[in-house]
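Structure first, then comments.
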Ligand code: FES
Ligand code: FES
């Protein structure tokens, strides 16, 4: 959005002071405190030992997070500029953060400027991911607390200026006045305009109460959309730097292949060719124009060793079980085997969730301008500040000489190619000494991304005579290789690995260490129905006290990384489908059966609210009309407390299954969500809707595929997904507002429950239990054909 | 390389490029337009859509020489931030976007279809969006925006 976050020159919109200050500082090593600009940017002055690896010092390199001036500036005309380390990813966070600032500082949103994620200007807040932005910036730290501190400071200044105690003052539209005499007033600009606050974040500063909110908590339209629909918005893909060249990469033909030769003669004389760049196993080309770069990359002859060979896709679940593993226990009450042995019945089932693909709409893109000893990278990374350190490592520069500027890419949903393409652009720019833009080809994006992880889950319970759960035993296998590069591991993504960096080390560990401290259920490995007792405290959402949750992490043959609701979605699929099987076995209504085993009041309420809104047909599953042909309709339910502590959601899905073709149509999804106080209701709905549909597309269609040497799902023919012509369900969201609760995440909760709710609806409709996603027509048809004749 | 004349959003340009270059690269690199996007380069996603002779075409696979002299409309040619086209306004009103990367293709496909079929039913509109992807799955809102525009146009 031109007017608020970016200009044609690629610079963020800054106050005049901030701009001058920044130009004065460049990306030099000097501590930068000059001018009257209300921001402090400190750079590390610690000398580096020659040859020593870059030491990650995130809090030294970024703006100091404990100073108000790192977050908030007020200009002479009373405008407010805020600086955030959490970025827009299409989830609406930019606008929500503008609302937060407008609310806390009591200024109209039109007078707020927000600068997001630029290592030279904004505080280091690590990665924008895992639904952590709402909790981190909307509670009692960081951006929200800086804003509250700034408001209280303005009140103190106004109190001195107007000679009235703070409690007789009122703020409105950037002005503070005497409550009883509005003519006695002073504007923010007069109080601090252009100067620093020069105070630390005050943890006692109070947020404006929910009851007073006029901007936060309302459906302010997204700031970017007008520019987006008119083709004016600057994505990372449309960043233009003067003199910019264009690059392409040549990835190995097989997984694990090593480069043996590059025949530069094969492209000599081609139009526009600037350079062929080779560094270890990394091969790229630079040309004057984008199409020329693609032509050269296609023509360039390279030779490689054969790859390492891949396990048979049909047998991947068994393969994962056989690998050396790193084991972890979330809970272990030590009595699970005994309880199950003594139970009236034992029930077991195994679930499988496949590797899946981020498949961003636009392939990943970055622009890099690397000069002799410094670099600027425009990147859509979720980790602007961390990327600075790993780009520095890849280029062999000190991190303080690297500036990373965030620009929105296409929706990434996790570790798509945004980091790796930043390295691609940086390496190519360094090789030619000119700015280079790289946008990956579709096959290069999809064959080499960090895929969403597969999961094999063995579930086992002991039941009493009424079918109530006495003990729950969970054991899972899941693969890992690489992931987010973080501050120090460029080898976690393909390009870093090609130039010789190692991925994060995998160390097998058996047996798992005992769980200590408190329940940590970030992967939702512990089902909602267990008590989650660790260290004498029960932090789970359920009542089952005999509990064991054991995960074996194994080496993956493919790159892996976070994909919207990583592990949580896969585990919730296994938990919520298994719970449905148990309810059916007990001939109990699936909602009622869940409520029997849940203790957490908010999760119970999310479940009850969705059942009510969906007009839930209370009865056991499956529906028993006994027809084995034609269309069968059914409804299913699922619920979760995301990450064990970060937002509640429950979903009812209604489906129709064509029993002759196996095709499943999701007709309706009703989703409840409780993520604490709601910052922007319409924005929240948008997230809930998109998550539910993405979850449904992943559950019904999407699966990454491979042959014996390489990934084969490399475009939109080989990876199926819904288009805008697909029959998508109607979605209704039930927003549960919790004004007094902590802010939780909202971007990944509805997707977490989708696969289970759909599988349960298919079961309700047909009596067929699908324990493997995606629920393709072939798979459903095969399962239908295997139904016993009754 | 050869000089090729194009009319884009009513303005004339002459570019000096390899005539086999797909139109997309000419629009986004030579003319520095921000609307048309590279999504797949394979005519599979719609991100690169532009309107030529009333048809929505996929500029990622359209050699520039085949549209020399033709009138080309990109999403920038419909309306501006201050004066959006009614279809663009419908997207703003419905808040029909997440990352927004697909919007170019979604809007131009709908525009070209409704220009030729102003009385289209909801089902016809949906069918016309085949092969247009939104990986953020803002489908529901986008279809609502398109249908809203179709209704406004008909009214
Ligand atoms: S980029 Fe042209 S259809 Fe995908
Ligand atoms: S809004 Fe992100 S791809 Fe459509």
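Look at the stretch A:719-730: the mean tally of other chain Cβ atoms within 10 Å of its residues' Cβ atoms is 6.
Short-range pairs are left out: with C-alpha atoms under 8 Å and at least six residues apart, the relative contact order of chain B is 23 percent.
Taking all Cα pairs closer than 8 Å and separated by 6 or more residues, the relative contact order of segment B:2-77 comes to 38 percent. A Förster distance of 45 Å, applied to the separation of the beta-carbon atoms of residue A:211 and residue A:329, puts the FRET efficiency at 0.55. Once the Cα-Cα distance is subtracted from the 0.36 nm per residue extended length, the residue A:705 to residue A:741 segment shows a gain of 8.7 nm. Each pair of Cα atoms in segment B:86-154 enters the Kirkwood radius, and Stokes-Einstein at 4 °C and 1.567 mPa s then converts it into a translational diffusion coefficient of 111 µm²/s. Rg and Dmax, both from the Cα atoms of segment A:455-785 and both in Å, are 19.9, 61. Inter-chain Cβ neighbour count for A:231-239, averaged per residue, equals 6 (cutoff 10 Å, partner chain atoms only). Here A:360, A:697, A:618 are placed in order of increasing Cβ neighbour count within 10 Å, fewest first, which gives A:618, A:697, A:360. Averaging the Cα positions of each part gives two centres, and for segment A:91-127 and segment A:739-784 these lie 35 Å apart.
For chain A, a Kirkwood hydrodynamic radius built from all Cα pairs, placed in the Stokes-Einstein relation at 20 °C and 1.002 mPa s, yields a translational diffusion coefficient of 77 µm²/s. Each part reduced to its alpha carbon centroid, segment A:467-510 and segment A:163-214 end up 48 Å apart. Computed over every Cα-Cα pair of chain B and binned at 5 Å starting from 0, the pair-distance distribution P(r) comes out as 2, 10, 19, 23, 20, 13, 8, 4, 1, 0 percent. Inter-chain Cβ neighbour count for B:21-31, averaged per residue, equals 3 (cutoff 10 Å, partner chain atoms only). Under the simplified labelling scheme, the residue A:507-residue A:618 pair shows an inter-label distance of 5.3 nm, with each label point 7 Å from Cα along Cα→Cβ. Here r is the Cβ-Cβ distance between residue A:720 and residue A:348 and R0 is 41 Å; the resulting FRET efficiency, rounded to 0.05, is 0.85.
The fewest-to-most ranking of B:142, A:651 by surrounding Cβ atoms within 10 Å reads B:142, A:651. Among DSSP bridges having both ends in the protein assembly as shown, what percentage is antiparallel? Round to the nearest 5. Of those bridges, close to 75 percent are antiparallel. With the helix formula -39500 (n - 2.57) applied to DSSP H stretches of n ≥ 4, chain B reaches a computed 222 nm mean residue ellipticity of -9000 deg cm²/dmol. Between residue A:167 and residue A:306, the simple spin-label model (points 7 angstrom out along Cα→Cβ) gives 8.3 nm.
Model label sites at residue A:466 and residue B:71, defined 7 Å from Cα along the beta-carbon direction, differ in position by 7.5 nm. Helix content alone sets the calculated 222 nm mean residue ellipticity of chain A: runs of n ≥ 4 DSSP H residues at -39500 (n - 2.57) each, divided across all residues, give -8000 deg cm²/dmol. Cα centroid distance between segment A:238-317 and segment A:699-721, in Å? First find each Cα centre; the distance between them is then 22 Å. Summary value for chain A: 13 percent relative contact order, contacts being C-alpha pairs under 8 angstrom separated by 6+ residues. Once the convex hull of all Cα atoms in segment B:2-77 is built, its volume per residue stands at 73 Å³. Rg and Dmax, both from the Cα atoms of segment A:556-602 and both in Å, are 14.8, 43. Counting neighbouring beta carbons within 10 Å and listing from fewest to most, the residues A:224, A:449, A:505 come out as A:505, A:224, A:449.
Quick note: the coordinates plus some simple rules give every number you see, no bench work behind them. What you see is a predicted model, and the numbers here were worked out from it, not measured in a lab. Methodologically, a virtual Cβ is constructed for each residue, glycine included, from the backbone with ideal geometry; neighbour enumeration extends over all protein chains shown.
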